[in-house]
Amino acid sequence: MDFKISNYYLFFKTSGDTDIIDITPHVSSKVTESGLTEGQVLIFVPGSTASVTTIEYENGVVWDLKEAIERLAPKGIPYRHDARWGDGNGYAHVRAALLGPSLTVPLIKSRLILGTWQQIVLVDFDNEQRDRKVVVSISGS
């Protein structure tokens, strides 16, 4: 059994403002492309104003998540980051830190092991549109 690592990049245009994008099919296609059948898949978003997590990608839950994030790190309050840099996205940095930049999913028999209603999502918190790169690193055999 040979251990292998395959790395890929995915690219997404986001609208910011807690834009939540289902990237599960894109990650799955990279798993297929890798040819690996057993191991783990690391999904990572470089940058400090976006995150990767899982959720049931259903409109009601997506809105619930957006509203919960707004309660945790609201836009309309002062952030020291904004005072220093003047870019108005201090809330985006805090939100991204709370959710985190990466996720690891087991790979068994060539399948991502996700729950029935669980999808992998990219969440962009920034205050403007972005071109986001997501790294998919698949390791195993």
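What the table shows:
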read-out	value
Residue (of Gly39, Ser51, Ile21) at the positive-pole extreme of segment 15-70, dipole from beta-carbon charges	Gly39
Cα-Cα P(r), the chain, percent of pairs per 5 Å interval	2, 10, 19, 20, 17, 13, 9, 5, 3, 1, 0
Charge dipole magnitude, Cβ of K and R +1, D and E -1 - the chain, Cα centre, debye nearest 20	320 debye
Ranked Asp64, Asp124, Asp2, criterion: other C-beta atoms within 10 Å, fewest first	Asp2, Asp64, Asp124
The chain: calculated mean residue ellipticity at 222 nm from DSSP helix runs of at least 4, using -39500 (n - 2.57)	-8500 deg cm²/dmol
Size-normalised alpha-carbon gyration radius of segment 40-102, reference 2.2 N^0.38 Å	1.24
Highest average packing first - 19-30, 70-81, 110-121, Cβ atoms within 10 Å	19-30, 110-121, 70-81
Karplus-derived HN-Hα couplings along segment 123-130 (A = 6.51, B = -1.76, C = 1.60, θ = phi - 60°), whole Hz, x at Gly and Pro	10, 9, 9, 4, 8, 7, 5, 9
Cross-link pairs Lys13/Lys109; Lys4/Lys30; Lys75/Lys133; Lys4/Lys109; Lys13/Lys66 - those with Cα-Cα distance over 21 Å	Lys13/Lys109; Lys75/Lys133
Exposure proxy order (Cβ contacts within 10 Å, fewest to most) of Val105, Val136	Val105, Val136
Contact order normalised by residue count of segment 4-140, Cα under 8 Å, 6+ apart, percent	55 percent
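Quick note: the coordinates plus some simple rules give every number you see, no bench work behind them. Here the structure is a predicted model, which is why all the values come from computation and not from measurement. Reconstructed Cβ throughout: ideal geometry from the backbone, glycine too, with neighbour counts over all protein chains shown.
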